[in-house]
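Trainee: Below: one structure in structure tokens.
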Amino acid sequence: MTVAELLAQARQRLKPREGMLFPQREARAFLAWLLAKDEAFVLAHPEHHVPEDLVRRFWDAVARRQKGEPFHYIAGFCPFFGRTFAVAPGVLIPRPETELLVSTCLALPLPPRPRILDVGTGSGVLAITLKRELPTAQVVASDVAPRALALARRNAGGHRAAIGFALAHLANCWRGPFDLVVANLPYLPETWRPQVPPELAFEDPGALFAGTDGLALVRPLVADLPRLLAAGGFAALELGEGQASQVVCQLPPGLEPYRVASDLHGVERVLVLRFKGR
Ligand SMILES: C[S@@+](CC[C@H](N)C(=O)[O-])C[C@H]1O[C@@H](n2cnc3c(N)ncnc32)[C@H](O)[C@@H]1O
């Protein structure tokens, strides 16, 4: 069967569902992944022969996707900040808005050999990307979920990023001082649970929800920042809509707001705090 024939059949069979805006585009992405090519190849080579076994795997993947399983769990990888990371069920799929957290961190006036902590590292995308972009940095990272930590270690190995990992609640196991604490902790309010898109049901609720207002983990981490940060150090936090102002209202002594970065939807997504010192 050719690429064109397979995609024509997919067009007949695939039904748009919530969370899948462009079924034909997804079919093309699945085919590109199975052929180990990019989507441009699939577009440019309608005559390319697709072997039987790949056709079978294509329909298996499409069937899983139709049941709502996220594309990246089926494919087993996800792009982030120009690199490819392994992803696995039970560990949060990195989101495009988290790239804003990285670019915000890279624009900060950090010392030449910054000491960086990533709290709630998940698949390790933040720690690994920062280590690769700032090779002189000393980077450590932790997560409360053993499954996440195992995946983060695997990704760090794949990207040859030397990072110290630890299993811990928030930053309890670290002493500091750090020049940068970065965290994309769960920030969805528990009350949202019944209304979230069905795709989120495939992800670990412990990576998504945090108390009635979503700040049940961010708040104690912010309270701990004066212990963790060097004087002049920064904390960069990914947050949900309306949360940056709530966090700024309750800052412990010595911390001041430094920057807020909004995402493409205009949501104040990244809050940067600066520690003046004790
Ligand atoms: C929203 S995910 C972010 C993962 C990754 N940093 C990213 O940006 O893709 C939040 C992560 O925080 C972790 N987490 C949840 N509760 C935690 C806690 N009490 N202490 C440390 N990490 C926690 C979850 O296991 C999950 O990996």
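The values are calculated or read from the model by the stated rules, or taken from the named source; none is laboratory data. Bear in mind that the values here come from a model prediction, so they are computed numbers and not experimental data. Here the Cβ positions follow ideal geometry from the backbone for every residue, glycine too, while neighbour counts run over all protein chains shown. Side chains are part of the model used for accessible areas, which takes the heavy atoms of the whole protein and leaves out ligands, DNA and RNA. Shrake-Rupley method; radii C 1.70, N 1.55, O 1.52, S 1.80 Å.
Trainee: Which residue, of Arg113, Arg154, Arg147, is out of contact with any helix residue (DSSP H, G or I) (no Cβ under 8 Å at 6 or more places or on another chain), within 15 Å of the ligand (Cβ to nearest atom) and free of Cβ contacts under 8 Å to residues at least 60 places away in the same chain?
Mentor: Arg147
Trainee: Tell me the residue from Leu225, Leu264, Leu208 that is aliphatic (A, V, I, L, M) and open to solvent by 40 Å² or more (accessible area, probe 1.4 Å), please.
Mentor: Leu264
Trainee: Run down Ala150, Ala161 and say which single residue is outside any strand (DSSP E or B), in the same structural domain as Ala223 (by TED's automatic domain parsing) and either on the phi > 0 side of the Ramachandran plot or open to solvent by less than 40 Å² (accessible area, probe 1.4 Å) (or both).
Mentor: Selected residue: Ala161, the only one of Ala150, Ala161 that is outside any strand (DSSP E or B), in the same structural domain as Ala223 (by TED's automatic domain parsing) and either on the phi > 0 side of the Ramachandran plot or open to solvent by less than 40 Å² (accessible area, probe 1.4 Å) (or both).
Trainee: Sticking with this structure for a sec: From the residues in segment 22-36 that are modelled with pLDDT of 90 or more and small (Gly, Ala, Ser), which one is surrounded by the fewest Cβ atoms within 10 Å (Cβ to Cβ)?
Mentor: Step by step, filter segment 22-36, then rank; the result is Ala36.
Trainee: Could you please find all residues in segment 187-210 being within 11 Å of the ligand (Cβ to nearest atom) and either assigned to a strand (DSSP E or B) or small (Gly, Ala, Ser) (or both)?
Mentor: Matches in segment 187-210: Leu188, Gly206, Ala207, Phe209, Ala210.
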